[in-house]
Structure formats: structure tokens, C-alpha cells
1. Pairs needed: first member in region A:274-297, among the hydroxyl-bearing types (Ser, Thr, Tyr); second member anywhere, assigned to a loop (DSSP other than H, G, I, E, B) and more than 6 Å from ligand 3 (Cβ to nearest atom); C-beta distance under 9 Å; at least 6 residues apart or different chains.
2. Which residue out of A:Ala122, A:Ala129 is within 14 Å of chain B (Cβ to nearest Cβ) and either hydroxyl-bearing (Ser, Thr, Tyr) or part of a helix (DSSP H, G or I) (or both)?
3. Name every residue in region B:67-95 that is part of a loop (DSSP other than H, G, I, E, B) and closer than 17 Å to B:Leu14 by Cα, in order of residue number.
4. Is it the case, given these coordinates, that A:Ser250 is within 16 Å of ligand 2 (Cβ to nearest atom) and either at negative phi or touching a Gly at 6+ places or on another chain (Cβ under 9 Å) (or both)?
5. Under 6 Å by Cβ, and 6 or more places apart or on different chains, what pairs join a residue from region B:91-112 that is away from chain A (no Cβ under 14 Å) with one that is among the small types (Gly, Ala, Ser)?
6. Considering only region B:66-80, state which residues are more than 11 Å from B:Leu19 (Cα to Cα) and open to solvent by 40 Å² or more (accessible area, probe 1.4 Å).
7. What single numbered condition from (1) facing chain B (nearest Cβ under 9 Å); (2) assigned to a loop (DSSP other than H, G, I, E, B) fails to hold for A:Cys280?
8. Suppose we filter region B:180-221 for residues that are of a type in the set (Val, Ile, Thr) and in a loop (DSSP other than H, G, I, E, B); how many remain?
Amino acid sequence: MKEILSVQSLKKYFSAKGGDSLKAVDDVSFSVREGDVFGLVGESGCGKSTLARLILRLIIPTDGRIVFDGMSVADAHGETLSKIRRGLQIIFQDPFASLNPRKRIIDAIGEALIVNKLAQRAEVKDKVAELLAKVGLNGSTLYKYPHELSGGQRQRICIARALSVNPKLIVADEPLSALDVSIQAQIINLLEDLHRASNLSFVFISHNLQVIEHFTDMVAVMYLGKIVEMSPTEAFFREPLHPYTEALLSAVPVPEVDRQRKRIILEGDVPSPLHIPSGCPFHPRCPKRFEPCDKIVPVLKEARKGRVVSCLLWE
Amino acid sequence: MSEHMNTWKSENLLLTKDLKVIFKTNAVSITAVDGVSFRIGEEDVLGLVGESGCGKTLSALSIMRLLPPNASLSGKILYKGEDLLTKNESELRKIRGRDIAMIFQEPMTSLNPVFTVGYQIAEVLMTHKAMSKKDAMKEAAGLLKAVKIPSPEVRVKEYPHQLSGGMRQRIMIAMAIACNPSFLIADEPTTALDVTIQAQILELLSSLKQEHKMSLLLITQDLGIIAEWAKRVAIMYAGRIVEEADVREIFINPRHPYTIGLLESLPKRRGRKLSPIPGQVPGLSELPQGCKFSTRCRYIIKECLNKEPELIPIDNAHHLSRCIRAKEL
Ligand SMILES: Nc1ncnc2c1ncn2[C@@H]1O[C@H](COP(=O)(O)OP(=O)(O)OP(=O)(O)O)[C@@H](O)[C@H]1O
Ligand SMILES: Nc1ncnc2c1ncn2[C@@H]1O[C@H](COP(=O)(O)OP(=O)(O)OP(=O)(O)O)[C@@H](O)[C@H]1O
Ligand code: SF4
Ligand SMILES: [Mg+2]
Ligand SMILES: [Mg+2]
């Protein structure tokens, strides 16, 4: 199948106090097949949003390459660039920060439609109302300003705006966490329908592992700027390979009462990307570490068919 | 209103009665919170769940007396027996942050981009605990450690945009717990956190609850968090509480069609289509007569449209539902 996105040895280092560099994204490679949903999970601060912003060309990589639909994102200009801009949309983690406070909803979304020649001025109202209905908002929202809406309503506006230009790939950074479970279900069904009908692809960042399990085809786990496990979704949840993944899956809060469960508690401090531990970066907290883990750096290797993991247990 | 809600009990730390938040825009007025009453005892955890836009944040902001200027608020908010609605701004400023604190839903809009995060936390300590700047900054670093931010000494000197979404959220948490409040409102406190850190943060809040006898109003959409951490749960829809019960009851014996719908919406098995509640919440100015959930309810009968059902006890005094068919569900 065709690849819609390919990320090759991508790096983003921020400069920190005292000339140190903070390796937010460090040598990340993966690809997304057209029509697939690629899930990205990992510890808070491990570099997921940075990766999303790199893909969207909102920040410049320190090194590496991003190819979208056959076009190199870094070199694009002119017509190619506007094709990328239309084809590649983002839904941000913080919906309020990504909406213009002085624009009514109809204008915020309508503008995207007009600029991209997807609607005549006279049709804007109906088109925007139709998009809002898709994300479960009623017509009274059209003339509101962002501050008049709740957090979840604002996030749905951002989703509607991303959908408005008929993109090929949506990078969604925590798109559902502000929504109640019923609307989450409505939106996942909507995204699934779109994904089936128009072969829309996703890079889907989420801390909600139930949603990841339900919605994605592939999952990658990041830890301190690196991918430590990548696998087709079903196998991933059936049998997590990396000790960090095991701990992560065991910590998911389950919406059931009267259930005894074994949670793997990670000992030790959460490591800092400013002082990445020696050897395996996960070793100070790993319940399964053994002799060489603090000395040898594991690399991402195939451990099962179609599944890669970076852990010395699997080498 | 039902009888038991009116009785004041000394162990109630916070009690709201008939809260109403009304927005006047142009000609229309919109009632965004309509008659919300709940009570929270010492060391209690009340979970507040509900449709996005149903008024959870506004209810919380009412308690903080931090509603937007175009909102008008009525009802009673009794904190340790004193009505917060009768307090003036300078009295409120003393209570806020010290006795009652809130973790806000959207960290990026609540943090000031031009100050370091350490300074913003220190400011709370300087205001309420009269600490020197030097001590306050040191304490701020300690708080960052408590909320599991790595390299706290470095991070205190950073600005909000240099932090990840989850770190900003933890800055908000550090600010809120800085003065050991006795009542903490946590509005979606862990949505930006991965589940391992989320568990550690909830563990931290839970230990504060015991050590400092803190009570918690926990607003979240995550029914998993509710199941594991809340003692009682209030479910809201269109500005009202529609069901309130102990957490076990909510999960094994839900008695409002909206609650039932929420539980059914949860992702279950892979490959199966999810079953959300059909339709969408009507706009606040277009709410139906009678039961406000009636436009989406599969249990609807003629009588539902006559008059709005009251929030009343069903099987026992502790399980309340606002549905005339609650007993049959
Ligand atoms: N300043 C305002 N002017 C007019 N209406 C407002 C204003 N602020 C909020 N509202 C409306 O009040 C309702 C309740 O908002 P609130 O923020 O309390 O919802 P919420 O339950 O916290 O939702 P979410 O889960 O999405 O955060 C929403 O329908 C919103 O549109
Ligand atoms: N503009 C910036 N300047 C300096 N450091 C930054 C900047 N943006 C991000 N970082 C750092 O890069 C690292 C990764 O941040 P990122 O926002 O990508 O994390 P994340 O995985 O999205 O986390 P979360 O789940 O909490 O949103 C963090 O240590 C963060 O402090
Ligand atoms: S390499 Fe060692 S420390 Fe790292 S995850 Fe595997 S067992 Fe744990
Ligand atoms: Mg992020
Ligand atoms: Mg809210």
C-alpha cells in the first residue's frame, strides 16, 4: 500500500540553559500507510507534540526528513507547499490557544473554505452549519465567539475546521480528551466513517489507551524522544513487549467498580530529557532491568513479525 | 427541591444550593447552570461528570466566584457554613488559593506567558503565606518535584511555552496545592497526562486529602478515573444534575437514561462500532419543555414532556435521579 507519510531519522534539539541541548525528538523514523490510523502514545513530555509540530512544518527539524504524499515537506514551496498545507491538517492539544478569540465560529471556519475555494460566499453559512452538525454542534454555535463555548465545544470547532478543507492526513494531538465519552464515541465514529469513505489517514496522539486500541491500526510508544516499541495495534494490546509499555497498559483506569487489578508501579523519578540516563534510558525505572541495562544502549529491532522494540531483553 | 438537600449538616464542608448562572446576550438570556445543589463533606471526593458544555466548569467557577463578567449568579454557596455569595472581592481573594483552590481546565490560557512558571507558583506562596521571594522560589521547586516534573531546579526558571502540555497541567496543579487548601476543585486535572503520571498525580491528591483533610470536587470525563477515585458522583446534563449516587451505584445500578447512555458509549471491543447517545444537546435557548433529555431519550413516554422531573431519591435517600421512569430502568 502507498505511504502517505514517511518520517526519516527526525531530530529536534532545543537549546537549554548552559548550552545543553534538550533532545525532544531523537532519531525517530516511521511511516503511515494511506488510509491507516497511526497511534502515538508515551509519557508526558516525551516529544509527541514536538513531533506533530515538526510534521506540520510549524518548527524546523534539527535533522532528518519528512515526506508527505511523495513531497518533501522541508523543501516545499509555491504550489507544492499549498498542496501540503491543504492535505495536512492538525488538531491541537489546547483548543482555545488555536482559535482566534475575535472571530465568530462561522468566520473562523468560513475563511478556510473561501481561501481554499471550497465554497462561494453565499454558501458559507450552510456549509459551516453542515460541518458543525458533523461534530455534534447545533446551529446556534455559528455566531458565537470561542470564549462563549465550553472546552469540549471549542475542540469540536477545531475538528470541524480541520475537516473543512478535505485533508488527506490529520495529525490529531489529544483531540478527544476534553470531550465526554458520548461525544468521543460520536467523533470516533465520524472519524472512522471519514476514514473509510475518503481514505483519510491519521497520526493520532492520545493518552487514552482504550481509544487507541479501538481506533488505530499501528501504535508507536515514545520514551524520552525515541520510539521504543512499534507494532500493529491488536498484537500490541494482546502482548506488550517493552517493560514501559507493560507498565503503561497496567495503569489504565478501568471504568468498572469491584475490580481488583495489578498495577505495575514505576519506581524512581521520572527522568529528564536534559539528563538522559546511560544505557537503556528506561533502566532507572524498569522493573525488569538486568546486568548490562545501565551500560548498553538498546536499539530498535524486530522482535516478532512486524513488531519492533528497543529493549535488551529482546536482543 | 427535595427535603434532604435542605438540611445543613455540620460535616458538610461545602454545600451549594440552587446555583443558577445566567448569561444575558443581546435580547436573550441563557441559563447555563440551572438549580445545581450538591454537598461535599470533609475528605470527600465528589466526581462531576457530564456532557461537554453542560455547565461543569461554570459550576466550579461559581464556587470560586470567578465567573465571566457577563454572567449573573444566584443561589447559595456555603463554605464551612458561611455564604460565599455575600463576600466582597477582598474577602474572596483571601479565601481563593488558600482555603479553596482550583486547577483550571485549560492551562495555556490560565498561565501567564511572560513570567517563569516558578515565579507564578511563588507568587501564590508570597501572597498567602507571606514568604520571601527566595523561600517561595525554593518551595516552588519542591512543588514541581511533588507533581513529578523532572529536573525541577531547571524547570522553575522556564516559561510556559517551553513546557509540554502535561507539564503545564502539572504547573497548574502545583499552584493549586501550594497552600494546602481544604477544598480543591480539579477541572479535568489529568487530561494531558499519560496514565502512569496520571495515577501518580491522583495518588498525590489522595494523600493530600488524608494528610490535610482536603476535600475534592473532581471534574472529569474519564469514567475510569471516576470509578477508581470518586466516592460520590453527580451526573450533569444541560445545566442540571440528573443523577447523583455513590460511585458503585452509578456503575452497577444507573438510574437515569443519560447515565446509562454514557456507560454504553465507552469503547469496548476492537472493531465494533461505538454506541454513542444519538443526536446532540439542544442549544441552551432551545431546551425542550419537560425533561431536558427527552429529545435524545429512548425511554421517553408522553408524560416526560409535561413537566420537568425533579431530582428525587429513588431506592434510598442517597441515590437521586431526575427521571420519572427511574424506578423501571
Ligand atoms: N461567557 C459566556 N457567554 C455565553 N455563554 C457561555 C459563556 N461561557 C460559557 N457559556 C456556555 O455555558 C455552557 C456551559 O459551559 P461550561 O464551560 O460550564 O461547560 P462544561 O460542562 O465545563 O463543558 P466541557 O466539558 O466541554 O468543559 C456552554 O454551553 C457554554 O456555551
Ligand atoms: N519551544 C520549546 N523550547 C524548549 N523546550 C521545548 C519547547 N517545546 C517543547 N520543549 C521540550 O521538549 C520536550 C517534549 O515536549 P512535547 O511538548 O513534545 O511533549 P509531549 O510528548 O507532547 O508531552 P505531553 O504529553 O505532556 O503533551 C519537553 O521536555 C519540553 O519541555
Ligand atoms: S533494556 Fe533493560 S532497563 Fe531497558 S526496558 Fe529492557 S529490561 Fe528494562
Ligand atoms: Mg503534547
Ligand atoms: Mg469545562
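1. If the second residue must be assigned to a loop (DSSP other than H, G, I, E, B) and more than 6 Å from ligand 3 (Cβ to nearest atom), the pairs left are A:Ser278/A:Lys295; A:Ser278/A:Val297.
2. Exactly one of A:Ala122, A:Ala129 is within 14 Å of chain B (Cβ to nearest Cβ) and either hydroxyl-bearing (Ser, Thr, Tyr) or part of a helix (DSSP H, G or I) (or both), namely A:Ala129.
3. Result: B:Lys80, B:Gly81, B:Lys87.
4. no
5. Pairs that qualify, where the first residue is away from chain A (no Cβ under 14 Å) and the partner is among the small types (Gly, Ala, Ser), are B:Asp99/B:Ser182; B:Ala101/B:Ala176.
6. B:Leu66, B:Pro68, B:Pro69, B:Asn70, B:Lys80
7. Condition (1) is where A:Cys280 drops out.
8. Final tally of qualifying residues: 3.
The values are calculated or read from the model by the stated rules, or taken from the named source; none is laboratory data. Here the structure is a predicted model, which means the values were calculated and not measured. Note that we place each Cβ from the backbone using ideal geometry, even for glycine, and neighbour counts take in every protein chain shown. Just the protein is used for accessible areas: all its heavy atoms, side chains included, with ligands, DNA and RNA removed. Shrake-Rupley method; radii C 1.70, N 1.55, O 1.52, S 1.80 Å.
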